[in-house]
1. As an exercise: evaluate Gln135 against (1) touching a residue at least 24 places away in the same chain (Cβ under 8 Å); (2) open to solvent by 10 Å² or more (accessible area, probe 1.4 Å); (3) part of a loop (DSSP other than H, G, I, E, B) and give the number of the one condition it does not meet.
2. If you go through the range 158-194, how many residues are surrounded by 15 or more Cβ atoms within 10 Å (Cβ to Cβ) and at positive phi?
3. Out of everything in the range 195-243 that is surrounded by 14 or more Cβ atoms within 10 Å (Cβ to Cβ) and in contact (Cβ under 8 Å) with a residue 60 or more places away in the chain, what residue ends up being nearest to Met173 (Cα to Cα)?
Amino acid sequence: AHVIRLEQVDSTNSRASQLIQNGGAAEGTVILAEYQSGGRGQKGNTWESEKGMNLTFSFVLMPSFFKADRHFYLLMSVSLAVLDLLQQEGITARIKWPNDMMVSGRKIGGILIENALKGHSLTSSVVGIGLNVNQTRFAVTGITPTSLKQELGVPVDREQLVRRALVHLTVWMNRLYAGEWKRIRADYLKHLFQFGQWARYADSGGEFRGRIRGVLEGGGLSVEKQHGGLHHYSFREIEYRPD
């Protein structure tokens, strides 16, 4: 892979998108930053990261054969690659729908994918991955995140980690490009946080107990409510509540 290393950038996803527009990025281009001043998460959240402590990188795909309605398979595949990476390091994580990595209920990383479409196909995808590696203090309220160092008790070599990450990502991108839809989906559900378990959630109607029953083709979440039927949610329509 062609790796572009930057000391500081607003966000690696933004830089990757700029490169694509200028014709300066090919399939597999990786942008790795020591520090992101404006790292983005889902729901417009910012991603908090200390300089030189964590892993923040993006890579570029040009999956023009890929139909836009299958975009969620890309997120599932990337999630599974990150799980495999963490497993190799000795950490068992779960995927919290749609795009967070959890260890014992605490967030260790996240994924943000930004797709460009032409008609019904994806022309380019920028996949951003953030992993808490050696940071141990976080200025967030609510559930404190965790990191590889906190879970393992020792600092982790980020150079080795990024090399291993690219190996796992290559494996899963090959599965994706080969159209292994059933395997990707089955593995994703197998590692999905709170899958099939009764837990607390909230939607526009307030709090309820429910259990995740599956993921729809387009990426929506299928949740059975304890008092009333199956409901489908798209991003941002449902919140997890601590039990």
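1. (2)
2. 1
3. Restricting to residues being surrounded by 14 or more Cβ atoms within 10 Å (Cβ to Cβ) and in contact (Cβ under 8 Å) with a residue 60 or more places away in the chain, the top hit is Gly219.
The values are calculated or read from the model by the stated rules, or taken from the named source; none is laboratory data. In this text the structure is predicted, and so the values were computed from the model without any measurement. Quick reminder, even Gly has a Cβ in these numbers, built from the backbone with ideal geometry, and neighbours come from all protein chains shown. The area values use the complete protein model at the heavy-atom level, side chains included, leaving out ligands, DNA and RNA. Shrake-Rupley method; radii C 1.70, N 1.55, O 1.52, S 1.80 Å.
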